Amino acid sequence: MYVQSYIKHEHLQQLLGNPLFLKLLDSLKVGTSLTDKEGNILYFSKSGYELYNLKSENSVVGQKIDELFQTGKEGSLLTAKNKKINNINSRLYNGVEGLCRRVPIVDSSGEVVCVLSEVISTSHSQSYNHELLYRINQLKNLFQQQITVKSGLYSFDMIIGNSAIMQNLKSKGLLFARNSAPILLTGENGTGKELFAQAIHNASTRANNAFIPVNCAALPHDLAEAELFGYEAGAFTGAKKSGQKGLFELADEGTIFLDEISELPLHLQTKLLRVLESKEIQKLGMGKKVYSNFRLIAATNRHIPDMVHQGIFREDLYFRLNILELHLPPLRKHREDIPLLISQLTKDICPPMIAQNFHVSSEVFKIFMQYNWPGNIRELKNVLTYSYCCMENINETELSSQFLPERLLKGVNKWKSARTSLKSLVAESEKDGILSALEKTGYNKSKAAKNLGISRNTLYLKMKEYNIPSGW
């Protein structure tokens, strides 16, 4: 289980909400937990519940780990302060004895973000072998890498693309960063809306303060209001005794990024509108309001005016959000950036020694330039990842078409067919128009050309192209 709350390093919630990451944690046959620097449990693994015969409904999340395992109050604080791995003898409240191993996780600035703890009972100590230690170290490195990436927000220099359309977007984004008015990012999935949101925040005067990303589609409907706006003690059943700050309050002097804002329920749209207008937040169960000087960036892949017309999105909220709009184009609209994207993305996918020489074959490059990329840059990265993983020789530096996913090849053929069909339709329509103009003018070429809005010479060329006889 994990706790859905934003601590100082707010990206931990996103990480703990990743099912693959939790699966990796739960694969360890030890009691794995994550705590903050003060020792509050943020996550407790399934294996931990099984190992200590705990009932999962009696969650230990939120408890102090040093109290639960009786390691002494100084355990977590010592690990966070010294930034070193600590092995501490422990005793679970049900009497089980064991060893608690604390591994501090630090961000790119060297600050301790949280502590990864593995608790193993004495009876299971034989299984605590080198292989397990190696896996735990891998987990730590994975966590460390995620922390570093999330801590270092994207800047406009890091966004890949030298095409005129991308350069224009970056320039406009830099201008928008100087203002604190709401920004609405629109565009298809995979076009990089969150990267642009991060870059805008990073280029603004708020760069040293919090950037809080929120996926509105992932917010539980029954808890969304509490997550966004916070609550006081006793506001509802299961509420923390100390209450909780909402994400808008945590974004004070920083930026809150509402991704997929079009999925926000209507009743929350009303409250969001009030908060945007006044910057005052009313928590659940609280009479007075709290002021927060946040900057809002919202994003959507839907056409909000259509949603307004359908009555599922408030028109006044749309106007309030759409002060500064930035539309991110699909990849098919700036194909000239594909070579640079391939070069940069392979550096993230391949080992360093391979990446420096890795390239795609001329055939693959042609396919990439012809494909429609409905999933945009994200799909391009996924295709490169899949293809590299399918290469039998891991030291191979050229990607050939045999390793491409079948759906991509089918997609190219379908797109070619669609373009051919469209070309045929255009040609057929053009031929019919010329024949009609000639018939109406009794095959007078000068009059027909004038009616068609083309020169007489062009008319003759078109007649030759479509095998239209010169007349009677």
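The values are calculated or read from the model by the stated rules, or taken from the named source; none is laboratory data. From a predicted model like this one, the values you see are computed outputs, not experimental measurements. With ideal geometry, Cβ positions are generated from the backbone for all residues, glycine too; neighbour counts draw on all protein chains shown.
Considering only residues in the stretch 210-223 that are over 16 Å from the mean Cα position of the chain (by Cα) and surrounded by 13 or more Cβ atoms within 10 Å (Cβ to Cβ), the one that is farthest from D252 (Cα to Cα) turns out to be L223. Of the residues making up the stretch 251-283, those that are modelled with pLDDT of 90 or more and more than 26 Å from I304 (Cβ to Cβ) number 2. Residues in the stretch 370-384 that are under 16 Å from K410 (Cα atoms) and at pLDDT 90 or above were compared, and the one that is surrounded by the fewest Cβ atoms within 10 Å (Cβ to Cβ) is P374.
Can you find, within the stretch 171-209, the residue that is modelled with the lowest pLDDT among those that are touching a helix residue (DSSP H, G or I) at 6+ places or on another chain (Cβ under 8 Å) and surrounded by fewer than 17 Cβ atoms within 10 Å (Cβ to Cβ)? Here the residue is A207.
Within the stretch 247-300, being of a type in the set (A, V, I, L, M) and part of a loop (DSSP other than H, G, I, E, B) holds for A251, L264, M286. Out of L399, L380, report the one residue that is closer than 26 Å to E188 by Cα and either out of contact with any Cys (no Cβ under 8 Å at 6 or more places or on another chain) or basic (K, R) (or both). From the options L399, L380, the qualifying one is L380. Scanning the stretch 448-472 for residues that are in a helix (DSSP H, G or I) and touching a residue at least 24 places away in the same chain (Cβ under 8 Å) yields L459, K462, M463. A single entry from G453, G411 fulfils the requirement of being surrounded by 14 or more Cβ atoms within 10 Å (Cβ to Cβ) and either hydrophobic (A, V, I, L, M, F, W, C) or modelled with pLDDT under 85 (or both): G411. So in the stretch 335-354, with the set limited to residues that are of a type outside the set (V, I, T) and over 17 Å from M158 (Cβ atoms), which one is modelled with the lowest pLDDT? Only one residue tops the list, namely M353.
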